[in-house]
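To keep things clear, I will list the structure first and then write my remarks on it.
The values are calculated or read from the model by the stated rules, or taken from the named source; none is laboratory data. Please read these numbers as outputs of a predicted model, since none were measured by experiment. Methodologically, a virtual Cβ is constructed for each residue, glycine included, from the backbone with ideal geometry; neighbour enumeration extends over all protein chains shown. Remember, those area values only see protein heavy atoms, side chains included, never the ligands or the DNA or RNA. Shrake-Rupley method; radii C 1.70, N 1.55, O 1.52, S 1.80 Å.
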Amino acid sequence: MTLKSRDPKDDLTFARRLSDGEPDAVLDFERQYRGLVRHALGKALRKWRPESPVEPEDYVQDFMGFLFNDGG
């Protein structure tokens, strides 16, 4: 997985839209980072709960919702 070089002004605008709780920004965040979140959760679950294997996708939606549960 490689990170694309982006304009920091675009990132700042995106961060402001997220902090304002704009629904489109939240959906864009989920689309853009869902795979990364799934990968990170999978790694963490395998490391900290090796005795109870689970599918990380079971937790991705809850995690993404938790990030934005206070309206940004």
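Dipole orientation for the chain: of the candidates 37, 18, 63, 37 has the Cα lying most toward the positive pole (charges on Cβ; Lys, Arg +1; Asp, Glu -1). Taken per residue, the accessible surface of the chain reaches 80 Å², heavy atoms only and a 1.4 Å probe. Assuming a viscosity of 0.692 mPa s and a temperature of 37 °C, what translational diffusion coefficient in µm² per second does Stokes-Einstein assign to the stretch 33-72, Rh being the Kirkwood radius over Cα pairs? Translational D for this selection: 309 µm²/s. At full extension, residue 39 and residue 12 could sit 7.2 nm farther apart than now, given 0.36 nm per residue minus the alpha carbon distance. Extension gain, residue 55 to residue 20, is 9.4 nm, computed as 0.36 nm per intervening residue step minus the present C-alpha separation.
The charge dipole of the stretch 22-68, taken about the Cα centre with unit charges on the Cβ atoms of Lys, Arg (+1) and Asp, Glu (-1), comes to about 380 debye, rounded to the nearest 20. Remark: the chain is approximated by an ellipsoid whose semi-axes, taken from the C-alpha gyration tensor as √(5λ), come to 27, 16, 8 Å, largest first.
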